[in-house]
1. For a bin width of 10 Å, list the pair-distance distribution of chain B built from all Cα-Cα distances, rounded to whole %.
2. Per residue of chain A, what 222 nm ellipticity follows from adding -39500 (n - 2.57) for every DSSP H run with n ≥ 4, rounded to the nearest 500?
3. Please determine, in degrees from 0 to 90 and to the nearest 10, the orientation of helix B:23-43 with respect to the longest principal axis defined by the Cα atoms of chain B, where the helix direction is its Cα long axis.
4. What angle, in degrees between 0 and 90 and rounded to the nearest 10, separates the Cα long axis of helix B:48-58 from the longest principal axis of the Cα atoms of chain B?
5. Could you state the angle between the C-alpha long axis of helix B:83-113 and the longest principal axis of the C-alpha atoms of chain B, as a value from 0 to 90 degrees rounded to the nearest 10?
6. To the nearest 500 deg cm²/dmol, what mean residue ellipticity at 222 nm is calculated for chain B from DSSP H runs of n ≥ 4 alone, each contributing -39,500 (n - 2.57), summed and divided by the residues?
7. Looking at the protein assembly as shown, what % of the alpha carbon pairs are farther apart than 27 Å?
8. Set the Förster distance to 35 Å, then compute FRET efficiency between A:A67 and B:I46 from the Cβ-Cβ distance, nearest 0.05.
Amino acid sequence: MSNSKLYKGSLTTIILKLLNEHDKMYGYEITQKVKELTKGELKITEGALYPALHKLEAEGLLDVEVAKVDNRLRKYYKLTETGTKETVNKLEELAEYIKTMQALVNPKLA
Amino acid sequence: MKLTKEEIQFVDNYLIKNEVKYWDVRLELLDHIVSAVEDKMTNDGISFNEALLDVHRGFGNQCIEFGVPKGKIFESGLYQSNIGFKKFTKNKQKEISRKNRKRYWVLLKQTLLSYSFMLEYLLFVMMIFVTYQYKPKTALLVALITLAIPELLKFKYVFRKGVRHSLNANMVGLLNSSFLCFQGAILNFYKDEFTYNGIVDYRYIIGFYVLIYPLTRVSFMLYKEVLNTTKERYQLLTS
């Protein structure tokens, strides 16, 4: 991730959230979607994305589907049932974190 | 701008040169690199080589321009390291083995709770028990042969196309070998417990084999599952 180390801890939550909104996505599509949604503010590098995807797959939160596209194989990631439940927990955790940070940084708004 | 078949082949060769030897690791990298290069060429208006270098760096690889004086000639070039791809493969290896271990316990739980396996296990135990009543040595041999069957059946999968250069297949094979080594180590460690005055008490060894039967059986099930997925993907790749 290029912009800040602050985003690093939220990478798995970002991936889970995106996959929750889309049926299935491939690696490059995720990086582009994040770039598009944050208007180029947040860029996920390949070196950060794939370890996170493989970790989520090993934890059983993501499932993999392989399809042939334009003379090459494409690996699509999609949420498993456990993954869908975990997304809710992770988003709640993130919302709680933002609230806490807001209370610390800007008490008037909290 | 879509890359031609030759350019895609060039990217694949570039990955092989960068020591990404497993095809199931390469397929994910190849798709990402090709998509990124196509995108950069279309939107940023840069050349194929520039786009490829850009993606190369994105994976955490290094690109250093160098200049070396060689006599009167000054040689310059570009040094590319494959450290990012190495990290990618190492990380994937770690996660695959984690995934396999997790799947192993899930399969073990499912197998132990299935009625068909309970019946199979009961038959195995009865067969060993009855044989032991007449000939203890034969009972040990029967237990050993029964445990060796899944191991022998694995050879059916090992020589399939695409298995040798697949990281998934290699990792499940490694898990299986570690399991076999662990069995051997346990038997070797406790060998004095089985021996009384130089005579081996077969009861303990047979008991040990009976106990590990479900573990060996599940190990084969996992092996078969992973290798079948590998075969399906390889067929899709070569179709």
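1. Reading the bins upward from 0: 6, 22, 23, 17, 13, 10, 6, 3, 0.
2. Numbers: 4 runs with 60 residues, N = 110.
That calculation yields -18000 deg cm²/dmol at 222 nm.
3. 20 degrees
4. 50 degrees
5. The helix B:83-113 is inclined about 30 degrees to chain B.
6. Estimated from H runs of four or more residues: -26000 deg cm²/dmol.
7. Every Cα pair in the protein assembly as shown considered, those over 27 Å come to 59 percent.
8. Here the calculated transfer efficiency is 0.75.
Since every read-out is calculated from the coordinates, none of them should be taken as a lab result. Since this is a predicted model, take the numbers as computed values, not measurements. No Cβ is skipped: glycine too gets one built from the backbone with ideal geometry, and neighbour counts run over all protein chains shown.
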